[in-house]
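**Student:** Okay, here's the structure, questions in a sec.
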Amino acid sequence: MKRPAADGTTRCPTCRAPTLRQTVGHTAALTITADLQPLTPQQQADLWEPNRLTWCLVTIAGLPPRLRWIHPWHPAQCPHPHVTEHRCPHTATLF
């Protein structure tokens, strides 16, 4: 995989989709690769899977983008785009 830019953005080496790779969390850190394509609420529902999280992509002028988990008390009228974990459509399943 190509080294991410300083803000964590990169492209999937297989499908070339723009992604953001970032470590999130404080006590149990996860490394997440998320699509940068914002989702509508309907797309969020359509893409839901048990082990695929949706993230709030916080963008503030002058700062790198940050992923925040969409928890149960996340504001319904959030001003930031929501994105999901990247699942490359060209990756073969081995099992």
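**Student:** Would a scan of segment 49-56 turn up a residue that is of a type outside the set (S, T, N, Q), modelled with pLDDT of 85 or more, closer than 13 Å to residue 8 by Cβ and open to solvent by less than 70 Å² (accessible area, probe 1.4 Å)?
**Tutor:** yes
**Student:** Being of a type outside the set (D, E, K, R) and either under 14 Å from the mean Cα position of the chain (by Cα) or within 14 Å of residue 58 (Cα to Cα) (or both) is the filter here; which residues of segment 28-39 pass it?
**Tutor:** First pass over segment 28-39, keeping only residues of a type outside the set (D, E, K, R): 28-34, 36-39.
Those that are of a type outside the set (D, E, K, R) and either under 14 Å from the mean Cα position of the chain (by Cα) or within 14 Å of residue 58 (Cα to Cα) (or both): 30, 31, 32, 33, 34, 36, 37, 38, 39.
**Student:** Checking residue 23 against (1) in contact with a Leu (Cβ under 8 Å, 6 or more places away or on another chain); (2) within 19 Å of residue 90 (Cα to Cα); (3) open to solvent by 70 Å² or more (accessible area, probe 1.4 Å); (4) of a type in the set (S, T, N, Q), only one condition comes out false. Which one?
**Tutor:** (2)
The values are calculated or read from the model by the stated rules, or taken from the named source; none is laboratory data. This is a predicted model, so every value here is computed, not measured. Methodologically, a virtual Cβ is constructed for each residue, glycine included, from the backbone with ideal geometry; neighbour enumeration extends over all protein chains shown. These area figures cover heavy atoms from the full protein model, side chains too; ligands, DNA and RNA do not enter into them. Shrake-Rupley method; radii C 1.70, N 1.55, O 1.52, S 1.80 Å.
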